[in-house]
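Engineer: There's a structure below that I have some questions on.
The values are calculated or read from the model by the stated rules, or taken from the named source; none is laboratory data. Computed from a predicted model, the values in this text were never measured in an experiment. Using ideal geometry, Cβ is built from the backbone for each residue, glycine included, and neighbour counts are taken over all protein chains shown.
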Amino acid sequence: MKQQDSNNALRWGVIGAVVAALCCFTPVLAILFGVVGLSWAVGYLDYVLFPALAFFIGLTIYALWKQQKNREVGVACECETPTHPER
C-alpha cells in the first residue's frame, strides 16, 4: 500500500468514525429524520450505525498500522549504498 493510499484510508476512517459516533451518541439523526418526515426509520438506525462505526474504527486502526509498518520498513531500508571508486 502506498503512503498516499494509507493517508486516504486514515482520513476516511477518522471522518467516518466521527460522523458515525456523532450519529450514534447524539440525537442528530433522530431530529433530522423527524424534520424531514422519516421518523419511522429512527428505530432502525442502530442496525446501520453501530456496524458502520465498527467498520470505520477498524479502517482507522488498519491505516495507522500500515503507516507504522511503512515507517519501520522505510527506516530499515534507508541505508547508504556503498560507493565504488572509479577504476
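Engineer: Quick one: which of GLY74, GLY13, GLY34, GLY58 is surrounded by 10 or more Cβ atoms within 10 Å (Cβ to Cβ), at negative phi, over 20 Å from the mean Cα position of the chain (by Cα) and modelled with pLDDT of 90 or more?
Structural biologist: GLY34
Engineer: Moving to a separate point now. Could you tell me how many of the residues in segment 1-58 are β-branched (Val, Ile, Thr) and outside any helix (DSSP H, G or I)?
Structural biologist: Qualifying residue count for the region: 1.
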